[in-house]
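Engineer: Structure in structure tokens, see below.
The values are calculated or read from the model by the stated rules, or taken from the named source; none is laboratory data. This is a predicted model, so every value here is computed, not measured. Using ideal geometry, Cβ is built from the backbone for each residue, glycine included, and neighbour counts are taken over all protein chains shown.
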Amino acid sequence: MDSQDMDEDTSFVSELTEKEVVELHKLLPGFKQEVVTRLEMLESVENLDPLNQFRVIGWLVDFGGDLDDNLAITKGIELGESIDKSKLSSQNRGMLHYRLGTAYSNRASITTHDGNQWSWAIPDIEEAMKQYRRAIQEEDFEILPEMEQWRALTNLGNLYSTVGRFVEAFDYWNEALIRQPYWFPARGQRGIGFLYYANHDYDAGHKTILLKKAYDELEFAGLDQYIGISPQSTTQRFLQIKDRVAAQFESPPPSDEILDFEGSDLGNTEEEKQYRRWCLNHRLFLNTLNDVTDDPVAARDILNLGQIRSERTERIVSCLGLWNQLVEEYVTARYLLYEGLSPSSEHFADNGVQHMNTLDYPIHSIYGEKLKIALRTAYSIFDKIGQFINYYFECGRDLTELDFTDIWYTERHGDELREQFQNKPNLPLRGLYWLSKDFGEWDLHIEGSIDKSGRKLADIRDALEHRYVKLTMVPTREDNETERFNDELATTIVRDDLEDQALAMLRKARAGLIYLALAVNMEEELKAGSDELAMPLQFGPLQPGPQ
């Protein structure tokens with residue numbers, strides 16, 4: 001088969017044979033358009049083996065992206081979604097989800113969304129995020145080709161950053177770079193992430209540090225021009241953005257002294273130092289610098305709302321008061337988690353407490369209960385963030401109907417965004433909206449959830465609030481031999497799993513608080529530039545007092 005044969009042959013069949021796939025491969029890379037035109041006529045790839053299925057879908061998706069061919073990408077999506085995933089191995093499901101994630105992402109990149117870059121509802125990005133997360137969560141993700149692992153992690157981070165969840169995006173870029181430190185696409189995208197962060201950080205000193213990190217990462221990514229992992233256009237884009245970052249400094253390139261942190265310590269006692277070091281290592285301080293460094297300079301919870309402006313003093317006091325409570329509940333949850341994770345010995349409060357052995361390896365201790373309380377407290381922060389949004393943006397929702405997941409909509413459990421948020425050019429606020437999708441209970445429930453761990457966190461929290469959660473040393477077995485020892489009233493979870501889920505919940509709460517603070521600072525800056533009458537009260541930090 002050659003290109004002339006394809007031009008003359010218009011009687012395409014609905015299926016390809018394995019031999020035809022080989023013949024099409026011989027036409028590449030010179031005849032992408034011809035190959036895509038042929039594949040767009042397909043109705044199914046069910047007759048092909050999985051690797052050839054993925055090859056055909058990959059051609060449609062990748063070449064469709066190169067050619068800005070929405071029809072080709074859509075055909076790739078249709079063919080991929082039509083495959084019976086239950087018949088695939090875990091490894092092949094991961095590969096399919098990766099390709100579908102790329103397909104939806106590519107289609108989103110060439111779709112204008114009505115020409116508005118500030119659209120909050122972007123279905124293709126939402127679906128791409130789901131597909132990448134499903135790929136990563138597959139049991140055999142670790143045995144996928146290494147480059148597909150790095151790409152899946154990097155691409156998911158890119159999508160998080162695009163919608164405004166740039167704090168969490170670092171988790172995925174960092175994971176890709178742990179696996180391969182010279183994976184230049186992740187380096188460059190992490191640099192762009194630091195640039196996004198800098199553009200929205202209200203603290204001038206922090207902004208300079210974030211810009212310096214952006215410059216360094218983009219400069220490193222530019223080395224790819226000598227290696228060629230990424231397309232040349234991608235590398236050139238990284239270098240162009242690097243030059244724009246450098247131009248923001250008085251004497252470019254920025255000096256390395258910007259990242260030379262001195263004069264900070266972790267506290268007065270060894271106990272306090274160990275706690276603060278743990279917080280730094282897990283990036284848990286309410287401080288944007290903790291996403292740059294684990295140096296002691298970041299070991300302070302200094303995130304704030306800035307200067308709230310209003311004609312009504314009550315409004316200022318209410319916003320600052322609720323923010324204070326959000327911060328304190330977060331700090332309390334963080335310390336309870338630390339204590340629950342670090343039982344040095346049996347707590348004296350457990351001395352003399354009798355528990356019955358239910359023969360399912362139960363764990364009962366004050367440390368376990370601290371883990372539960374930490375998770376519940378961290379989760380409840382989102383309810384109060386919903387309350388803050390309702391009040392600050394004057395949504396008018398009754399306090400009894402507040403829910404972080406649907407405060408954004410005109411009606412409870414609806415899907416029409418409130419006018420206050422439609423196309424609003426506030427990236428951190430949009431990030432907070434997209435974070436709420438992790439906990440949705442309707443169209444994104446479990447199977448469709450953008451973040452399955454977010455849905456699992458909601459289920460655990462519900463059990464903690466309304467039922468009872470039993471910690472065990474080992475997973476519950478469901479064979480006939482041990483069935484008679486199953487606890488029919490308990491939601492059973494292995495202690496290690498609860499530790500992981502509680503830490504995940506705390507990290508989500510931190511991200512949510514950062515998005516909220518940056519979003520409010522942006523809103524208040526807009527007020528400062530308007531003619532709106534205001535009472536710009538400046539409240540100083542609360543000094544230590546009664547405990």
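Engineer: Take the conditions farther than 22 Å from Arg93 by Cβ and either touching a His at 6+ places or on another chain (Cβ under 9 Å) or at pLDDT 95 or above (or both) and apply them to Val35. Does it pass?
Structural biologist: So Val35 passes the test.
Engineer: Checking the condition in a loop (DSSP other than H, G, I, E, B) and either surrounded by 14 or more Cβ atoms within 10 Å (Cβ to Cβ) or modelled with pLDDT of 95 or more (or both), which residue from Leu336, Leu289, Leu326, Leu284 passes?
Structural biologist: Leu284
Engineer: Could you please find all residues in segment 292-308 being touching a Gly at 6+ places or on another chain (Cβ under 9 Å) and buried (at least 21 other Cβ atoms within 10 Å of the Cβ)?
Structural biologist: Correct list: Ala299 only.
Engineer: Also, quick follow-up: For residues that are modelled with pLDDT under 90 and assigned to a loop (DSSP other than H, G, I, E, B), tally how many sit in segment 253-266.
Structural biologist: Residues flagged as modelled with pLDDT under 90 and assigned to a loop (DSSP other than H, G, I, E, B) within segment 253-266 amount to 9.
Engineer: Test of understanding: among His25, His97, which residue is in contact with a Lys or Arg (Cβ under 8 Å, 6 or more places away or on another chain), assigned to a helix (DSSP H, G or I), under 23 Å from Met147 (Cβ atoms) and at pLDDT below 95?
Structural biologist: Just one listed residue meets the conditions, His25.
Engineer: Scan segment 200-245 residue by residue and report those that are loosely packed, with under 14 Cβ neighbours inside 10 Å and touching a residue at least 12 places away in the same chain (Cβ under 8 Å).
Structural biologist: Scanning segment 200-245 gives a single hit, Ile227.
Engineer: Counting just the residues of segment 309-323 that are at pLDDT below 95 and either in contact with a Lys or Arg (Cβ under 7 Å, 6 or more places away or on another chain) or among the acidic types (Asp, Glu) (or both), which one comes out surrounded by the most Cβ atoms within 10 Å (Cβ to Cβ)?
Structural biologist: Arg309
Engineer: Give Ile446, Ile385, Ile366 a once-over and let me know the one that is of a type in the set (A, V, I, L, M) and either crowded, with 18+ Cβ neighbours inside 10 Å or at pLDDT 95 or above (or both).
Structural biologist: After ruling out the rest, the residue left standing is Ile385.
Engineer: Quick check on Glu416: is it under 26 Å from Tyr202 (Cα atoms) and surrounded by fewer than 17 Cβ atoms within 10 Å (Cβ to Cβ)?
Structural biologist: Taking the combined requirement at face value, the residue does not satisfy it.
Engineer: Test each condition in (1) within 23 Å of the chain's Cα centre (by Cα); (2) touching a residue at least 24 places away in the same chain (Cβ under 8 Å); (3) under 17 Å from Ser119 (Cα atoms) for Gln420 and report the one that comes out false.
Structural biologist: Evaluating Gln420 over (1) within 23 Å of the chain's Cα centre (by Cα); (2) touching a residue at least 24 places away in the same chain (Cβ under 8 Å); (3) under 17 Å from Ser119 (Cα atoms) leaves (1) as the failure.
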